[in-house]
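See structure below.
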Amino acid sequence: MKKLTPILKPYRYIVLVIIAIFIFFSIIDIIESKPKASNERIHFYQKGFSGIVKSKSLNRGFSIRLFNEGKIEKTYLYSSKNFDLNPPDLYDFIKLNDSIVKLSGSLDLYIFRNNEKYYFHLGEYINNPSDK
């Protein structure tokens with residue numbers, strides 16, 4: 001194994017310190033992000049909404065714009081699948097002008113289209129044939 005030249009020897013400590021600082025701040029970031037994510041999930045669980053889907057977007061998450069009581073509001077949804085439906089993925093299933101309802105204190109999402117009611121449990125895969 002080659003020995004480090006005398007010029008490079010002092011720099012190895014600087015590199016080790018930089019790596020240690022990076023690891024330290026990464027651990028702090030992970031520790032702080034867990035309560036934030038938990039609070040966001042609790043807030044989403046408690047939040048209820050309803051309206052008519054006017055747009056949907058998939059960019060670092062799934063969002064929709066709902067028309068309700070003369071206003072358009074943007075909300076984010078958790079990825080979900082219901083294998084009894086075609087297509088099973090919530091994002092692919094929701095169409096413009098669908099009516100949707102999510103009651104507060106629940107992760108159940110109901111979609112109304114052509115006098116039919118469809119169900120998704122937000123953040124979960126349901127009716128998976130491989131589970132049966």
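The values are calculated or read from the model by the stated rules, or taken from the named source; none is laboratory data. The model shown is predicted, which means the values in this text are computed figures rather than measured ones. Heads up, the Cβs are rebuilt from the backbone with ideal geometry, glycines too, and the neighbour counts pull from every protein chain shown.
Listed conditions (1) over 21 Å from Tyr45 (Cα atoms); (2) part of a strand (DSSP E or B) are all met by Tyr119, apart from (1).
Taken over the stretch 1-42, the criterion of being modelled with pLDDT under 80, more than 26 Å from Leu122 (Cβ to Cβ), in a helix (DSSP H, G or I) and of a type in the set (Val, Ile, Thr) is satisfied by Ile28, Ile31.
Quick one: would you say Asn97 is at positive phi and without any contact (Cβ under 8 Å) to a residue 40 or more places away in the chain? Break it down stepwise before answering.
On the way: at positive phi: yes; without any contact (Cβ under 8 Å) to a residue 40 or more places away in the chain: no.
For Asn97, the condition - at positive phi and without any contact (Cβ under 8 Å) to a residue 40 or more places away in the chain - is not met.
In this structure, is Asp98 surrounded by fewer than 16 Cβ atoms within 10 Å (Cβ to Cβ) and among the charged types (D, E, K, R)? Considered against the rule, which asks whether it is surrounded by fewer than 16 Cβ atoms within 10 Å (Cβ to Cβ) and among the charged types (D, E, K, R), Asp98 comes out as no. Take the conditions (1) within 14 Å of Phe120 (Cβ to Cβ); (2) touching a residue at least 24 places away in the same chain (Cβ under 8 Å); (3) touching a strand residue (DSSP E or B) at 6+ places or on another chain (Cβ under 8 Å); Ser106 misses just one of them, which is (3).
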